[in-house]
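The values are calculated or read from the model by the stated rules, or taken from the named source; none is laboratory data. From a predicted model like this one, the values you see are computed outputs, not experimental measurements. When we count neighbours, we look across all protein chains shown, and the Cβ atoms used for this are built from the backbone with ideal geometry, even at glycine. Side chains included, ligands, DNA and RNA excluded: accessible areas come from the protein's heavy atoms. Shrake-Rupley method; radii C 1.70, N 1.55, O 1.52, S 1.80 Å.
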Amino acid sequence: MKKVVNQPELSQRTIAVRGGLNTDSQHGAVIPKISLTTCYRFEEFAKPRSFDYGRKSTPNRDAVQQTIAALEGGVDAILTNCGMSAIHLLSVALLSPNDLVIAPYDCYGGSYRLFNSLSQKGYFKAKFIDQSDDEAVKEALSLKPKLILIETPSNPLLRVVDIKKIATLAHEIGALVLVDNTFMTPILQQPFTLGADIIIHSCTKFLNGHSDLLAGILVFKDQKLADDVLWWSNNIGTANSSFDTYLLQRGLRTLSLRVLAQQESAMKIVDFLCHHPKIAAVHHPSLQSTSGHNIAKKQQKGYGSLLSFELKGDAQKTRQFVEKLKIFTLAQSLGGTESLISHPTTMTHAGISAEARKAAGISDQLLRISVGLEDVNDLIYDLTQALEYV
Ligand code: PLP
């Protein structure tokens, strides 16, 4: 893999816009070509070029990896076919049967399922804890884990935990710190500056931003670790297609504009919901009432465009409200240009028992919104008219 040329003097906005441009020496195409070939002709006998086989690396993948590594301030990155395959790849590359991974009890459901199912098969051990509880963190670290996953803000209650504090404790016992930065993006949170060793993203979300591809990425600050994991990526086959990679690079060009505009609208929607008589609670890191607000203020560059709220009334009222929405789409992803609403009880968290949901603070009236790029006045009007039916 080509070494990333990190250019700290360029702003993130410029890095994202310029990623992969002007790399065509044959025709001078400004926008990178989609390299569909799976194999590359050797220069001569026993002399490969920079690329030899597409499972290992391609020009499109290399360009996106360099762009995202530079945005996160890392030295290298490995792009995979979805966020889950990135987490799976890292687990396979790092963990052996006696190794322990610590993850948040309220991490993304897919990460919970992956760690849980693989640990049940004996591939490694997994323990899920409340990472905002200092005692629970200390107790878990006394078990000498190899890897600790931090995911902040959490889904769907947007709870925030202190990356720097946990990373410092983890490093004292030699554990590696993996931060899932999907919700914040490098624009709003820079985990390497807070002590992370590895960053993972579901690029399916904000990094692409158009809800039309699946991809994941691992970003590293240590080249040796990146090279080891790249060997595993080629070994087990986690590569994604050049077409999807091309689209991801295209989406990245507007990353900072999208993230900031979506966040601005989210702040207005939070304010609207906080003052509406039919709303029982609002969860967004900008609010004092959200657990970890003071940490968010310190560790994030903004509060993001994901929020959740609870309606007054029962599950039936919640259903009526959602069915009356005209703009928000009932779907369970996030980070796209379109505003989505999801109902954790019947969607993302349907596989969890009612008791476990209750313990995690997820009520039947809880709804999560991913704010898109529509005019915020239209979005607020949509919420207003649907709330009239509640
Ligand atoms: N991490 C987080 C925080 C997510 O929200 C998701 C998906 O929703 C993933 C990881 C997994 O990503 P993917 O759906 O691209 O496999």
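Key figures
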{"item": "Hey, L230 assigned to a helix (DSSP H, G or I), aliphatic (A, V, I, L, M) and more than 16 Å from the ligand (Cβ to nearest atom) or not", "result": "yes"}
{"item": "Cβ pairs under 7 Å, 6+ apart, first in the stretch 188-217 and at negative phi, second basic (K, R)", "result": "L188/K301; Q189/K301; F192/K221; L194/K164; D197/K221"}
{"item": "Matching option when the condition is in contact with a strand residue (DSSP E or B) (Cβ under 9 Å, 6 or more places away or on another chain) and either open to solvent by 10 Å² or more (accessible area, probe 1.4 Å) or modelled with pLDDT under 95 (or both), among L247, L257, L218, L214", "result": "L214"}
{"item": "Residue in the stretch 271-284 that is surrounded by the fewest Cβ atoms within 10 Å (Cβ to Cβ), counting only those that are in contact with a Ser or Thr (Cβ under 9 Å, 6 or more places away or on another chain) and in a loop (DSSP other than H, G, I, E, B)", "result": "H276"}
{"item": "Hits in the stretch 132-159 - residues which are assigned to a loop (DSSP other than H, G, I, E, B) and away from the ligand (no atom under 14 Å from the Cβ)", "result": "S132, D133, S142, L143, K144, P145, K146"}
{"item": "Cβ pairs under 6 Å, 6+ apart, first in the stretch 367-390 and closer than 19 Å to Y303 by Cα and open to solvent by 10 Å² or more (accessible area, probe 1.4 Å), second of a type in the set (D, E, K, R) and part of a helix (DSSP H, G or I)", "result": "V376/K268"}
{"item": "Which numbered condition T337 fails, given (1) within 16 Å of the ligand (Cβ to nearest atom); (2) within 17 Å of E374 (Cβ to Cβ); (3) among the polar types (S, T, N, Q)", "result": "(1)"}
{"item": "Subset of the stretch 177-187 [more than 14 Å from the ligand (Cβ to nearest atom) and within 20 Å of L260 (Cα to Cα)]", "result": "P186, I187"}
{"item": "Meets criteria (assigned to a loop (DSSP other than H, G, I, E, B) and buried (at least 17 other Cβ atoms within 10 Å of the Cβ)) for T290", "result": "yes"}
{"item": "Hits in the stretch 342-386 - residues which are in contact with a Leu (Cβ under 8 Å, 6 or more places away or on another chain), of a type in the set (G, A, S) and not in a loop (DSSP other than H, G, I, E, B)", "result": "S342, S370, A386"}
{"item": "Residue in the stretch 29-39 that is in contact with a helix residue (DSSP H, G or I) (Cβ under 7 Å, 6 or more places away or on another chain), open to solvent by 40 Å² or more (accessible area, probe 1.4 Å) and in contact (Cβ under 8 Å) with a residue 60 or more places away in the chain present", "result": "yes"}
